[in-house]
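The values are calculated or read from the model by the stated rules, or taken from the named source; none is laboratory data. Nothing here was measured: the structure is a model prediction, and the numbers come from that model. Here Cβ is always computed from backbone atoms with ideal geometry, including for glycine, and neighbour counts include all displayed protein chains.
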Amino acid sequence: MINPFEAFKEYKYRKRALPLDDIVASKAMVVNKLMEGYQHLLDEEVKELVWLARENTIMRAYALAEEWTRGIDYDVEDIEEFCFELDRIRKAPYRIAGPGGLYLSALCNNVKDEEVVLRIGDMEGRIHLLGYRLPKGKRLIVEGDLGDFAGIGLEGGELIVRGKVGNATGAGMKAGRILVEGDAGHRTGEWMMGGEIRVEGTIASIGQVGFGRIFERGRQVYPPITRPRRI
Amino acid sequence: MSAEDGRRKFKEIYNFIGNHLYFNRPDVEVKGERYNSALLFGLLTCLVQGKELIVGEPGLGKTTSAEYVSSLFYRIPLGLIWGSEVAGHPEQTEEKIVGRPDLGKLNQGIESVVWSNFVQLPVKIVDEINRLPETKQSMILDGVDRGNWEYLNEILINEEFCLFATANYQDRGTNTIVAPLLDRFDVMVESKHPGPNLSFFIGYREDKDRVLRNPECERELQKVLADKRPYPEKLPEIESLCDRYGEYLKEELGVETPDRREREEMRSQVAGIPFDMDAEAFSRTMLAELSFCYQYGQKRSDERCDEGCHYTGYLCHNIQNCASNRLPASLQRYSKALAWFLGDERVDLEHVRTVFPYAMAHRVRWKESYSSKREKELREDPLPIYLAKKAVAEVFRRYSEQKEEIKNALALAFRIMEGEELEPALGDHPIYLEIRRDLGRRLRD
């Protein structure tokens, strides 16, 4: 009888160098480190359980998030695991969604992989501010819904949301592309400076857009296509 | 002829076409070098006697790229190649493609076949194959597959044989290519738009392919092909005329091309290149995902697996049909040819990862829900090639995570098959279950 495994005759059978328990433990360790970093961010940013999304608070919180995640050896799966960990914790201030989105954005922007897929459809809470400053060459695919300010300040990356998004999607984005497969909320494209937003569902309203293009169900809605005047 | 000499000639042809005839951008990278996929796979097709489907927009060099590589690799003047092409259109008949009865002899009560140039020449080009109605596509199925052509109880077998077919994207005049015919193509490539700058430059060089014409050789070859002697008797004469054209190419254009003996040597060198263990294990991992179904035992075009299956995260969940046995055959031949071209002693992971998308793109039918989800992503390739590249990258990631375990499982299976009392390895990938089935274990406990 033919032995279809002949090509592996010379392969020296080795025991697994890294047993499953070790992998799980090392994964848990990475997620713990990420949680620690997030805890530091909350300690510094969330005073008296209040956090307001303003330009300066967003920039400061993001800088801190990058600082606290620097040096942690994590991958795409760890980011996803961190999302679920965050969702599991019921107590404040973990439930304040803004810093969480910025912290996740910092993780996505600095991970080695070019493509990040977050399957967060089962999460109870909505993540705001995800995709903040997503740089060129990165693709963030979110399977699930997002909260407000998705893709804020996008810097050339591609954000794909396989669900719906809240208000002010793509606010202040400079370049890149946002694709939303569901609906988008109010003030979509607010202060947008470039790039493209495509919404396959409906857009509740468009914000004050500087530059860039917005499409709703394949039709360009900003800048509006004007018909030539009849003379 | 040494492998080095063969490679030099192969590269000379690639460079000559790329620099003088077919202007396009490189779009595939292997071992740090960038190549144009249409040109590279076209030449590999000639080398391995394969079958290539070239898709693209009208006027972007699908047919001409095939004509150039065929003319130079097989030493056939361009004019003769033009005269032997088959055009796909609804009125096409077997008599125009394969051969017709010799009417003179038929009047005398003798049945004899006049074979077409298309059938007699080693290179076959079918232009716009998807304009052939689906019912007529089966007419060329056997010839396309094996190089055996039958008409009026006569048979003509091509000793040397390769095929190029071009297809436009769907429009009002096109039909779908039937799955059995599609599966017979080894690879699919796209002849891309070269960009506005090269495109404008091509406009200056409209008569660039005149250099591959040789009217005298063309006339003499045509005379031999039209001769009514039996085909094997004509072959030596055809070869000597092709060699004369080869001399012309060398003297006039400075391009050295291989003669028939050299082509055969090249092929035997290619065939002798082995796969390394990783390339072999990765290919099997990939094939497992393209054929496995936990629910129904294997993928079948008319069966749809349920949501919520444990193997939802693998390719098998996103595809509709099952990988045929022709896929690994194509993969092996082209990977070996690529390794030979690059001067490598073994086929490694990079060769396999380069070839796999082009060998599977036309063969895999993705589920509508999956392809529609991904079709709007930013990309450079047509959707089938893009999805195939993504699939290969995805399986490669999985393979890299557990390559030692997969190789262990395969090595263990070898020992079990040799009679050792061991238990097959367990793991979370279809390949482990397929190994268990090969060892006579049940798929489901």
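Filter region B:158-205 down to the residues that are of a type in the set (Asp, Glu) and either under 25 Å from B:Asn325 (Cα atoms) or within 15 Å of the chain's Cα centre (by Cα) (or both) and list them by number. Listed by number, the residues that qualify are B:Glu159, B:Glu160, B:Asp183, B:Asp186, B:Glu190. Within region B:317-334, the set of residues being buried (at least 23 other Cβ atoms within 10 Å of the Cβ) and more than 19 Å from the chain's Cα centre (by Cα) comprises B:Ile319 only. Checked against the criterion of being more than 30 Å from B:Pro328 (Cα to Cα), basic (Lys, Arg) and modelled with pLDDT of 85 or more, the candidates A:Lys9, A:Lys27, A:Lys33 yield just one match: A:Lys33. Scanning region A:163-191 for residues that are in a loop (DSSP other than H, G, I, E, B) and among the hydroxyl-bearing types (Ser, Thr, Tyr) turns up just one, A:Thr169. Of B:Ile202, B:Ile273, B:Ile238, all but one fail to be at pLDDT below 90 and either of a type outside the set (Ser, Thr, Tyr) or surrounded by fewer than 16 Cβ atoms within 10 Å (Cβ to Cβ) (or both); the exception is B:Ile202. Of all residues in region B:392-439 being closer than 28 Å to B:Glu350 by Cβ, among the small types (Gly, Ala, Ser) and within 11 Å of chain A (Cβ to nearest Cβ), which is nearest to the chain's Cα centre (by Cα)? Out of the qualifying residues, it is B:Ala393.
Scanning region B:24-43 for residues that are free of Cβ contacts under 8 Å to residues at least 24 places away in the same chain and in a loop (DSSP other than H, G, I, E, B) yields B:Pro26, B:Gly32, B:Asn36.
Output the strands (runs of 3 or more DSSP E) that fall wholly within region B:145-248 and possess 2 or more residues being not aliphatic (A, V, I, L, M), or say none. It comes to B:148-151, B:162-168. Say whether the condition of being surrounded by fewer than 21 Cβ atoms within 10 Å (Cβ to Cβ) and touching a Lys or Arg at 6+ places or on another chain (Cβ under 8 Å) is met by at least one residue in region B:351-366. No, because not a single residue in region B:351-366 is surrounded by fewer than 21 Cβ atoms within 10 Å (Cβ to Cβ) and touching a Lys or Arg at 6+ places or on another chain (Cβ under 8 Å). Give me the residue from region A:152-167 that is over 22 Å from A:Ala63 (Cβ atoms) and more than 14 Å from chain B (Cβ to nearest Cβ) and, out of that set, surrounded by the most Cβ atoms within 10 Å (Cβ to Cβ). Looking at the filtered set, the residue picked out is A:Val165. Filtered by the rule that a residue be within 15 Å of B:His89 (Cα to Cα) and touching a His at 6+ places or on another chain (Cβ under 9 Å), region B:165-185 gives B:Gly173, B:Ile177. Residues that are touching a helix residue (DSSP H, G or I) at 6+ places or on another chain (Cβ under 7 Å) and not in a helix (DSSP H, G or I) within region B:56-79 comprise B:Gly56, B:Arg75, B:Ile76, B:Pro77, listed in sequence order.
The residues of region B:326-365 that are charged (D, E, K, R) and closer than 24 Å to B:Arg8 by Cα, listed by number, are B:Arg333, B:Lys336, B:Asp344, B:Glu345, B:Arg346, B:Asp348, B:Glu350.
Filtering A:Phe149, A:Phe215 for residues that are surrounded by fewer than 19 Cβ atoms within 10 Å (Cβ to Cβ) and aromatic (Phe, Trp, Tyr) leaves a single hit, A:Phe215.
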